[in-house]
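To start, the structure under review is shown below, and the notes come after it.
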Number of protein chains: 2
Amino acid sequence: MTVGTVAVDSAWLEQVKWDEHGLVPAIAQDATSGMVLMFAWMDRMALAQTAATGQATYFSRSRGKLWRKGEESGHTQRVREIRLDCDNDVVLLKVEQAGGIACHTGRARCFFQKLEGERWVTTEVVLKDLGRIYK
Amino acid sequence: MTVGTVAVDSAWLEQVKWDEHGLVPAIAQDATSGMVLMFAWMDRMALAQTAATGQATYFSRSRGKLWRKGEESGHTQRVREIRLDCDNDVVLLKVEQAGGIACHTGRARCFFQKLEGERWVTTEVVLKDLGRIYK
């Protein structure tokens, strides 16, 4: 079956073990620095579109719809590599992060809180204010 | 409240947004190479124990119990850093991987399948046969 220009019933998509909601976890890693940038979810269409377009596309559980990363912020992710884990139920992307900002808070990555003793400490600066990202 | 020697109601644990099953996704990354090794889940006790012992401990959804990584294989993970994402609902560990093998298949990492065209291709070799890991 083809939806738009994207085939969603290819054998490689069938091999992925989608959970009871039709989703798999997806991890985005910076292709250059190796930094783990963010974590999100993908449905079948998100993964199919990611592969077809080379632009990371996720499924927003809160909004219940596809979400091409950067569609509002401009902080798109060009996909260099798509990997699947040993249980076929987790996806790992290597991406080139546009603007060097993956997090919706304006930071380079979402994992900016580090446990120090018994406190989560913010270790990354805001590179761009939200007012300048979301116009 | 303390279970065994581990406090499970600390403020930093309360700040984590556990899902409806009391879990959060956890990503383990090699502290030296930056390689994303594996993905698993943690409940409150798993994260508390990970922080208290410095050994990565996850929650096995299939077995419904805590699982100290490497308890059977010897491929333990010494935790160098614990991070939390912007939504407080995903954990990232930086670990030293004992034996250089994170995957239960005997490979360095779980993400050993790479999408090439329309095929998942295995890109990593088995470093140790299963018969020699699980005795």
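The values are calculated or read from the model by the stated rules, or taken from the named source; none is laboratory data. Only a predicted model underlies this, so the values are computations on that prediction, with no experimental measurement involved. Here the Cβ is made from the backbone with ideal geometry for all residues, glycine too, and neighbour counts use every protein chain on show. Heads up: the accessible areas ignore ligands, DNA and RNA and are worked out on the full protein's heavy atoms, side chains in. Shrake-Rupley method; radii C 1.70, N 1.55, O 1.52, S 1.80 Å.
The table that follows gives values for the structure above.
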quantity	calculated
Filter pass, A:A51 being under 16 Å from B:C86 (Cβ atoms), among the small types (G, A, S) and touching a strand residue (DSSP E or B) at 6+ places or on another chain (Cβ under 8 Å)	no
Of the criteria (1) touching a helix residue (DSSP H, G or I) at 6+ places or on another chain (Cβ under 6 Å); (2) assigned to a strand (DSSP E or B), which one A:V95 fails	(1)
Subset of segment B:62-82 that is in contact (Cβ under 8 Å) with a residue 40 or more places away in the chain and open to solvent by 50 Å² or more (accessible area, probe 1.4 Å) - its residue that is farthest from A:A26 (Cα to Cα)	B:E72
Search result, residues across segment A:1-52 that are more than 13 Å from chain B (Cβ to nearest Cβ), out of contact with any Gly (no Cβ under 8 Å at 6 or more places or on another chain) and in a helix (DSSP H, G or I)	A:M45, A:A46, A:Q49
Where B:R80 falls short, out of the listed (1) facing another protein chain (nearest Cβ under 10 Å); (2) within 15 Å of the chain's Cα centre (by Cα); (3) part of a strand (DSSP E or B)	(1)
Selection from segment A:83-105 of residues that are within 17 Å of A:T32 (Cβ to Cβ) and either over 13 Å from the mean Cα position of the chain (by Cα) or open to solvent by 10 Å² or more (accessible area, probe 1.4 Å) (or both)	A:R83, A:K94, A:E96, A:Q97, A:A98, A:G99, A:G100
B:F111 being open to solvent by less than 30 Å² (accessible area, probe 1.4 Å) and closer than 25 Å to A:A26 by Cβ	yes
Residues located in segment A:83-113, provided they are more than 17 Å from B:C86 (Cα to Cα), without any contact (Cβ under 8 Å) to a residue 60 or more places away in the chain and either among the aromatic types (F, W, Y) or touching a Phe, Trp or Tyr at 6+ places or on another chain (Cβ under 9 Å) (or both)	A:R83, A:D85, A:C86
Sole exception among (1) more than 10 Å from every other protein chain (Cβ to nearest Cβ); (2) open to solvent by less than 50 Å² (accessible area, probe 1.4 Å); (3) touching a helix residue (DSSP H, G or I) at 6+ places or on another chain (Cβ under 7 Å) for A:Q55, by number	(3)
Filtered residue count, segment A:22-47, keeping only those that are touching an Asp or Glu at 6+ places or on another chain (Cβ under 8 Å) and either among the polar types (S, T, N, Q) or free of Cβ contacts under 8 Å to residues at least 60 places away in the same chain (or both)	3
Residues within segment B:114-135 that are free of Cβ contacts under 8 Å to residues at least 60 places away in the same chain, open to solvent by 70 Å² or more (accessible area, probe 1.4 Å) and within 11 Å of B:H75 (Cβ to Cβ), tallied	1
